[in-house]
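Every read-out reported here was derived from the displayed coordinates using simple, explicitly stated rules and does not represent laboratory data. Computed from a prediction, not measured in an experiment: that's the story for all the values here. For neighbour counting, all protein chains shown are included, and Cβ atoms are generated from backbone atoms with ideal geometry for every residue, glycine included.
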Amino acid sequence: MYKCEDCGALFDSPKLEMSRVADYWGFPASEPWGVCPECGSSEFDIANQCPMCGEYYMVNRRNCCDQCLTTISEAFQDTINELAKDWSCNTDEIKEALYGLVERDEI
């Protein structure tokens with residue numbers, strides 16, 4: 001699946017248009033160029049479906065869309081702040097402990 005960066009359209013494959021690139025022995029030379037089938041933009045990229053909300057997002061190093069990532073981050077930050085307050089320590093110590101648990105695949 002692809003998503004257009006300009007209009008937001010989702011599509012299975014780009015529309016191919018011939019683009020003149022140069023002249024070859026006096027004749028125009030063209031090559032196929034992929035564009036969004038909705039708006040004709042060449043600004044599109046592979047999109048994945050977010051496993052949490054189902055929306056499509058541009059491929060990145062994460063496994064979910066920006067909105068779900070923000071929701072998860074805010075929930076974790078709230079929990080980290082509460083633990084730091086309850087245990088009278090700073091949030092960095094809680095984050096380091098959580099990171100160790102994730103690295104060892106314990107959570």
* Asked: Which is farthest toward the positive dipole end of the chain among CYS89, PRO37, LEU101, measuring Cα position about the Cα centre, with Cβ charges +1 (Lys, Arg) and -1 (Asp, Glu)?
  -> PRO37
* To do: Specify the residue with the greatest mean-square fluctuation among ASP45, ASP12, ASP92, computed from a Gaussian network of the chain linking alpha-carbon atoms under 10 Å apart.
  => ASP92
* To do: Rank LEU16, LEU69, LEU83 by mean-square fluctuation in a GNM of the chain with C-alpha springs under 10 angstrom and give only the top-ranked residue.
  => LEU83
* Asked: Hey, what angle do you get for helix 91-103 against the long axis of the chain, alpha-carbon based, 0 to 90 degrees rounded to 10?
  -> 70
* Those lysines that a straight Cα-Cα span of less than 25 Å connects to LYS95, excepting residues fewer than 8 apart in one chain -> LYS85
* Points 7 angstrom from Cα along the Cβ direction at ASP12 and ILE46: gap in nanometres? -> 1.8
* Asked: Using r as the Cβ-Cβ distance of ARG104 and MET1, and R0 as 30 Å, what FRET efficiency do you calculate, to the nearest 0.05?
  -> 0.30
* Between segment 88-107 and segment 44-83, the Cα center-to-center distance that results, in Å -> 20
* Using helices alone, what [θ] at 222 nm do you get for the chain, with -39,500 (n - 2.57) per DSSP H run of 4 or more residues, divided over all residues and rounded to the nearest 500? -> -11000 deg cm²/dmol
* Tell me, what is the percent relative contact order of the chain, built from C-alpha pairs under 8 Å that lie six or more residues apart? -> 17
* Asked: With axes computed from alpha carbons, what is the tilt in degrees of helix 66-87 against the longest principal axis of the chain, rounded to the nearest 10 within 0 to 90?
  -> 10
* Along Cα→Cβ, 7 Å out, is where each label goes; now give me the distance between the ones at ASN90 and TYR24 in nm to one decimal. => 6.4
* Near LYS3, which lysines are there with a Cα under 25 Å away, not counting those fewer than 8 places off in the same chain? -> LYS15
* Asked: Rounded, prolate or oblate: which fits the chain, taking a ≥ b ≥ c as square roots of the Cα gyration tensor eigenvalues, rounded meaning a/c under 1.5, else prolate when a/b beats b/c?
  -> prolate
* **Fluctuation leader among TRP87, TRP25, TRP33 - the chain, Gaussian network, Cα springs under 10 angstrom** => TRP25
